[in-house]
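**Q** Take this structure first; my questions come after.
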Amino acid sequence: MSPEDRNVAILRNAYQTWHDTKAGSVDCWLGFIADELNFGSLAQGRPDSLAFTCTRNTREGVASYLCELTRDWEMIDYVVDHHVAQGDRVVAIGRTSWRNRSTGKVADSPKCDVWRFNAEGQAIEFFEYYDTAALIDATRPSPLSA
């Protein structure tokens, strides 16, 4: 199996577990990331209810990100339709929906994750792209009806 095929297989398994458990298994991610990595998110730690999206640089930091995410958001769906691999990088392309636990509002978004792996098959870089406007809107309470 080539390194590209190995990396895609790692991610297929992790995304399927993440979807099947409705974000109930953070170990599906922590099991293959390096102790130190560059882990980022498009919202980049907005100083409101998206502060958890700040850049993380350790496995423990990623564990914290996942705990904060699942504390504040309930996964509705997470589907990856395509994996594109070249060299040490894999791009996962799909769609996801989450319900904000405080507002009850849903954020539905296309999703693109860019991963980079080392020679041992550990993730050393991650960056996620999604509809930040939908995510921010879902954190804001609906105005009261007049």
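The values are calculated or read from the model by the stated rules, or taken from the named source; none is laboratory data. Treat the numbers as computed from the prediction; the structure is a model and nothing was measured. Note that each Cβ is placed from the backbone with ideal geometry, even for glycine, and that neighbours are counted across all protein chains shown.
**Q** All but one of (1) assigned to a helix (DSSP H, G or I); (2) closer than 18 Å to residue 18 by Cβ; (3) more than 12 Å from the chain's Cα centre (by Cα) hold for residue 81; which doesn't?
**A** Here residue 81 clears every test but (1).
**Q** Separate question: Scan 46, 71, 95 and give me the residue that is outside any loop (DSSP other than H, G, I, E, B), out of contact with any strand residue (DSSP E or B) (no Cβ under 8 Å at 6 or more places or on another chain) and within 27 Å of residue 139 (Cα to Cα). Walk me through how you get there before you give the answer.
**A** Working: 46 fails: outside any loop (DSSP other than H, G, I, E, B); 95 fails: out of contact with any strand residue (DSSP E or B) (no Cβ under 8 Å at 6 or more places or on another chain).
Among 46, 71, 95, only 71 is outside any loop (DSSP other than H, G, I, E, B), out of contact with any strand residue (DSSP E or B) (no Cβ under 8 Å at 6 or more places or on another chain) and within 27 Å of residue 139 (Cα to Cα).
**Q** Name the single residue that is surrounded by the most Cβ atoms within 10 Å (Cβ to Cβ) among those in segment 79-107 being of a type in the set (A, V, I, L, M) and over 17 Å from residue 130 (Cα atoms). Give the derivation first.
**A** In the first step, residues of segment 79-107 are kept if they are of a type in the set (A, V, I, L, M); the result is 79-80, 84-85, 90-93, 106-107.
Still in the list and also over 17 Å from residue 130 (Cα atoms): 84-85.
On the way: 84: 13, 85: 19.
The qualifying residue surrounded by the most Cβ atoms within 10 Å (Cβ to Cβ) is 85.
**Q** Here's a follow-up. Conditions: (1) part of a loop (DSSP other than H, G, I, E, B); (2) modelled with pLDDT of 95 or more. Residue 60 meets all but one. Number of the miss?
**A** Condition not satisfied by residue 60: (1).
**Q** Please verify whether residue 120 is among the charged types (D, E, K, R), closer than 17 Å to residue 29 by Cα and surrounded by fewer than 16 Cβ atoms within 10 Å (Cβ to Cβ), treating the condition exactly as stated.
**A** On the way: among the charged types (D, E, K, R): yes; closer than 17 Å to residue 29 by Cα: yes; surrounded by fewer than 16 Cβ atoms within 10 Å (Cβ to Cβ): yes.
Answer is yes for this residue.
**Q** Any idea how many residues of segment 39-57 are modelled with pLDDT of 95 or more and surrounded by fewer than 14 Cβ atoms within 10 Å (Cβ to Cβ)?
**A** Here the count works out to 2.
**Q** For segment 9-35, what are the residues that are in contact (Cβ under 8 Å) with a residue 24 or more places away in the chain and either aliphatic (A, V, I, L, M) or assigned to a strand (DSSP E or B) (or both)?
**A** The answer is 10, 11, 23, 26, 30, 33, 34, 35.
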